[in-house]
Amino acid sequence: MAGDLRAKCAIAGLGQTAMGKNFDHSNAMGFAIEAVQLALDDAGLKRSDLDGLLVNPGVTWSEATMASFSLQQAMGLTDLTLTATMNLGGATAAAMIMHAAQAIAAGMANVVACVFADAPLRPPSPERKAGGSAAAYGFARGLNAHYGQFGVNAAYAFVAQRHMHLYGTRQDHLGEVAVSQRGWANLNPAAQFHDAPMTMDDYNRARWVVEPFHLYDCCLVSNGGLAVIVTSAERARTLKHPPVYLLGMGQGHAGGDPMETLTSGAPLAKKIAFGMAGITLDDINFAELYDCYTFTVLVTLEDYGFCKKGEGGPFLEGGRIGPKGSLPVNTGGGQLSSFYMWGMTPVAEAIVQMRGEAGPRQVPKHDVGLVSGNGGILSTHSTLILGAQP
Amino acid sequence: MASAEKPVPAITPEMAGFFEGAKRGQLMVERCEGCGEMRFPPHELCSRCLSDRAKWVPTSGRGEVFSFNVMHQVYHPGFAAEVPYAVVVVRLEEGPKFVSNLIGVQPADIRIGMPVEVTFERLSADVTVPKFRPRSRS
């Protein structure tokens with residue numbers, strides 16, 4: 001029974017390094033170590049309390065195939081009973097937390113750190129010049145490169161264009177997501193765009209990356225590390241912070257062609273997670289939804305049933321998900337306006353909100369929060385339902 | 001930099017049949033010999049019936065625009081003089097989707113559902129690539 005895991009485990013620690021153009025460490029491992037130490041301090045635990053370590057390496061880990069073992073050795077952790085290097089793209093963070101909770105509930109581990117870190121940004125260097133010769137573009141092979149189809153932005157754009165065509169979704173609807181989340185970021189001192197307000201005109205005037213995506217439809221790039229500590233609900237109650245209970249968890253990976261389905265795995269994951277938590281959509285006080293693009297938020301809102309399929313655009317009108325709206329979504333600014341730590345961005349913000357530590361951006365009611373992770377192009381999906389009470 | 005060429009696709013073993021067809025003026029896809037499913041790009045196994053037998057077959061070369069984007073960033077110097085340019089997804093009458101370029105249509109005039117047909121561009125003695133152009137609906 002899925003219900004057996006309801007509130008059995010909790011998040012007891014959150015460790016977040018400075019984000020963005022942070023050059024404190026020369027590689028992802030350095031950020032990972034700092035994040036785990038911060039999370040342990042936050043929970044009031046010691047390194048020796050850890051017996052589980054799950055790692056989602058970002059794109060720049062040098063030994064990504066066994067990242068969790070590399071990190072274990074680098075931190076001098078001994079006698080672990082659970083470890084794994086996991087990768088479901090943006091769905092990994094919530095999936096790591098599920099895996100930790102399953103192991104803890106089964107008595108196979110007690111205190112598990114779940115970690116994401118990446119360091120794609122390099123300090124500015126006068127020797128490195130922009131551009132380069134065509135010979136340097138080793139990635140440009142195959143037919144797609146001949147047609148000029150490069151990168152994930154361009155492939156995601158195909159999916160967004162289909163949604164706009166089929167349902168009449170407009171550019172302004174994508175803009176609503178960008179502007180609303182920027183409004184939240186302006187209330188979050190840790191956000192990379194904290195000091196940069198943005199209007200719909202600003203959004204529309206920003207350069208195109210690939211139509212239909214303007215610059216601010218696309219997520220940030222960040223250096224940093226983020227870790228959470230998962231333990232049993234019982235143990236969490238003895239630690240420094242009020243536990244953030246794991247009420248529900250689920251995954252959904254629908255397969256197929258996202259240009260055809262225009263749907264994430266959220267409906268599958270929701271069924272399991274909401275069933276476990278014993279809640280409905282009306283119980284959700286706030287949502288932290290994976291936002292590699294504005295469009296992803298729009299689709300995810302549809303797929304959880306906040307509105308009907310195809311009605312995500314009109315649903316967003318009038319700043320509904322912004323700081324003055326009726327449904328608080330991505331309340332720290334999300335990956336579009338705060339920082340990009342894959343699925344850890346929504347997880348971290350949800351913890352801060354559940355604890356009531358969000359300062360000027362604190363949502364008034366924070367008993368039940370929804371967190372989503374999404375990887376690839378609507379390819380993988382994970383759901384967490386967090387609760388302030390068991 | 002301004003004179004940089006677009007990347008020329010390499011003829012890999014799994015794509016050999018495709019490029020042989022293109023040289024003859026045929027747009028090829030793989031057809032599974034197990035269940036008849038048509039697919040592109042080629043795969044070792046059919047994702048529907050898991051058969052490992054397939055052969056290249058010519059298509060009608062006709063289809064319609066299924067989706068598109070307009071690229072504004074220069075990811076490769078060969079496109080520096082072309083931005084903004086459109087990349088289209090064409091759904092062939094036979095089913096498979098094909099990423100390509102649309103010739104003779106400005107990006108702002110591209111519409112999903114536009115009927116298109118294949119045309120070929122010879123890049124070298126060995127490499128000919130398919131592109132698409134509008135066709136009248138028939």
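Tabulated results
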{"item": "Test for A:VAL209: is it within 14 Å of chain B (Cβ to nearest Cβ), in a strand (DSSP E or B), within 22 Å of A:PHE339 (Cβ to Cβ) and in contact (Cβ under 8 Å) with a residue 12 or more places away in the chain", "result": "yes"}
{"item": "Members of the range A:1-36 found to be part of a loop (DSSP other than H, G, I, E, B) and β-branched (Val, Ile, Thr), listed by number", "result": "A:THR17"}
{"item": "Filter pass, A:THR345 being polar (S, T, N, Q) and closer than 18 Å to A:VAL228 by Cβ", "result": "yes"}
{"item": "Qualifying position, being of a type in the set (D, E, K, R), in contact with a strand residue (DSSP E or B) (Cβ under 8 Å, 6 or more places away or on another chain) and within 14 Å of chain B (Cβ to nearest Cβ), among A:ARG235, A:ARG162", "result": "A:ARG162"}
{"item": "Subset of the range A:201-253 (residues that are crowded, with 24+ Cβ neighbours inside 10 Å and of a type in the set (S, T, N, Q))", "result": "A:SER222, A:ASN223, A:THR231"}
{"item": "Helices (runs of 4 or more DSSP H) fully within the range A:278-374 counting 2 or more residues that are in contact (Cβ under 8 Å) with a residue 60 or more places away in the chain and farther than 24 Å from A:VAL244 by Cβ", "result": "A:294-303, A:312-316"}
{"item": "Those residues of the range B:48-62 which are assigned to a loop (DSSP other than H, G, I, E, B) and either touching a strand residue (DSSP E or B) at 6+ places or on another chain (Cβ under 8 Å) or aromatic (Phe, Trp, Tyr) (or both), in sequence order", "result": "B:ARG48, B:CYS49, B:SER51, B:ARG53, B:THR59, B:SER60, B:GLY61"}
{"item": "Long-range neighbours under 6 Å by Cβ, at least six apart or interchain, first residue under 23 Å from B:VAL129 (Cβ atoms) within the range B:105-118, second assigned to a loop (DSSP other than H, G, I, E, B) and among the hydrophobic types (A, V, I, L, M, F, W, C)", "result": "B:VAL118/B:LEU27"}
{"item": "Any chance B:ALA86 is over 13 Å from the mean Cα position of the chain (by Cα) and assigned to a loop (DSSP other than H, G, I, E, B)", "result": "no"}
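Here is a yes/no grid of residues against (1) of a type outside the set (A, V, I, L, M); (2) closer than 24 Å to A:CYS219 by Cβ; (3) surrounded by 24 or more Cβ atoms within 10 Å (Cβ to Cβ); (4) in contact with a Cys (Cβ under 8 Å, 6 or more places away or on another chain):
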position	(1), (2), (3), (4)
A:ASP257	yes, yes, no, no
A:LYS271	yes, no, no, no
A:ASP283	yes, no, no, no
A:THR294	yes, yes, yes, no
A:TYR304	yes, yes, no, no
A:PRO323	yes, yes, no, no
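Read the figures in this text as sums done on the coordinates, not as results from a lab. What you see is a predicted model; the values in this text were computed from it and never measured. Here the Cβ is made from the backbone with ideal geometry for all residues, glycine too, and neighbour counts use every protein chain on show.
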